[in-house]
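Working notes for the structure below.
The values are calculated or read from the model by the stated rules, or taken from the named source; none is laboratory data. Predicted model, so just to flag it, every value in this text is computed and none were measured. As a convention, Cβ positions derive from the backbone with ideal geometry for all residues, glycine included, and neighbour counts pool all protein chains shown.
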């Protein structure tokens, strides 16, 4: 295994409602280290204490908090000796800030704070997309966010793997992922 900690930090990103949580749950079940989505943790905290920075109230404040949390998570995960899978990452938070501010944070942040050069992306999947306490946007907003994330991801990732959509009864196992990116 590569001695560079970033080579063990694997991002799973993509469209909201595309199956990231199901994949992360399977990786967790198989004993892999995971980092939960920073945005979900921030929303949970805000809802619990009546905070004023969920993304549907103040996207800029939310994105800035998500960047801080994502950087802390990445720093902590880099000390782990094995593979660590991220449910979203710094790039997702930085793209949200880019969108609201009109500035460009994603590419420089992602170059300064690297992850594995391969990234897994979940597709848009209208058949399983649902709103919940963390997701109040619609499918078109989810696709727009996924498209916005693609440019900075391509700037640092040498390989991206877009998962195929399967009916749940035919869903593939994650065994190929658990061997590690780029390994057969």
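Checked against (1) part of a helix (DSSP H, G or I); (2) crowded, with 21+ Cβ neighbours inside 10 Å; (3) at pLDDT below 85, residue 119 passes all but condition (1).
Applying the set (1) part of a loop (DSSP other than H, G, I, E, B); (2) within 20 Å of residue 96 (Cα to Cα) to residue 13 leaves exactly one unmet item: (1). Would you check which residues across the range 24-51 are more than 18 Å from residue 73 (Cα to Cα), at pLDDT below 85 and in a helix (DSSP H, G or I) and list them? Listed by number, the residues that qualify are 46, 47, 48, 49.
Would you pick out the residues in the range 7-19 that are at pLDDT 80 or above and either under 15 Å from the mean Cα position of the chain (by Cα) or buried (at least 21 other Cβ atoms within 10 Å of the Cβ) (or both)? Residues satisfying the conditions are 8, 9, 10, 11, 12, 13. Residues in the range 52-81 that are touching a residue at least 24 places away in the same chain (Cβ under 8 Å), closer than 18 Å to residue 16 by Cα and in a loop (DSSP other than H, G, I, E, B): 55, 56. The single condition from (1) surrounded by fewer than 16 Cβ atoms within 10 Å (Cβ to Cβ); (2) closer than 16 Å to residue 153 by Cβ that residue 89 fails is (1).
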